[in-house]
Amino acid sequence: MRQWVLLFIFLSALEIGVFMLAGKWMGILPTVLLIIVTGMVGVYLTKKQGVNVLYQLQSQIQNHQPPGIAMLDGVCVLIGGILLICPGFITDILGLLLLIPFTRKFIRPSMIKMIKNWVNRKQLYIYR
């Protein structure tokens, strides 16, 4: 838990620094407008990718396949959407990487490894 708090503080400080640099480079108004536009684009992309993941999930269930990949994609879309809606250029880049289907397939193995570690350390229980 302590690592997440430190990551949040570090990321916030880094975002403030990037805001200051962007404001100095582009000006205050274009920087604020860019933040607003990326938030709006984030909402649109999240909705679009979320619907795609729901269709993928329904298709896998109807074909009697385990919906594991679709569920992982859903988590990526959720986290990516939250990151895109949050103001900040670094979080926007991370959120965009989670929303693009091509990059999600490179992120999935890390997510699976992290979930397996949680299960092995009994920090996550799977009920069947």
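The figures follow:
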read-out: The chain, helix-only ellipticity at 222 nm - DSSP H runs n ≥ 4, -39,500 (n - 2.57), divided by all residues, nearest 500; value: -29500 deg cm²/dmol
read-out: Listed residue pairs exceeding 32 Å between alpha carbons, taken from Lys47/Lys122; Lys47/Lys116; Lys48/Lys113; value: Lys47/Lys122
read-out: Cα-based helix-to-principal-axis angle, 68-85 vs the chain, degrees rounded to 10; value: 20
read-out: At q = 0.10, 0.17, 0.19 Å⁻¹, base-10 log of I(q)/I(0) for the chain (Debye sum, equal scatterers on each alpha carbon); value: -0.42, -0.99, -1.13
read-out: Rounded to 10°, Cα long-axis angle of helix 2-26 versus longest principal axis of the chain; value: 40
read-out: Tilt relative to the chain, helix 101-120 - C-alpha long axis, 0 to 90 degrees, to 10; value: 60
read-out: Segment Lys24-Ile36, extension gain: residue separation times 0.36 nm, minus the distance between their alpha carbons; value: 2.5 nm
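Coordinate-derived values only; no laboratory data. From a predicted model like this one, the values you see are computed outputs, not experimental measurements.
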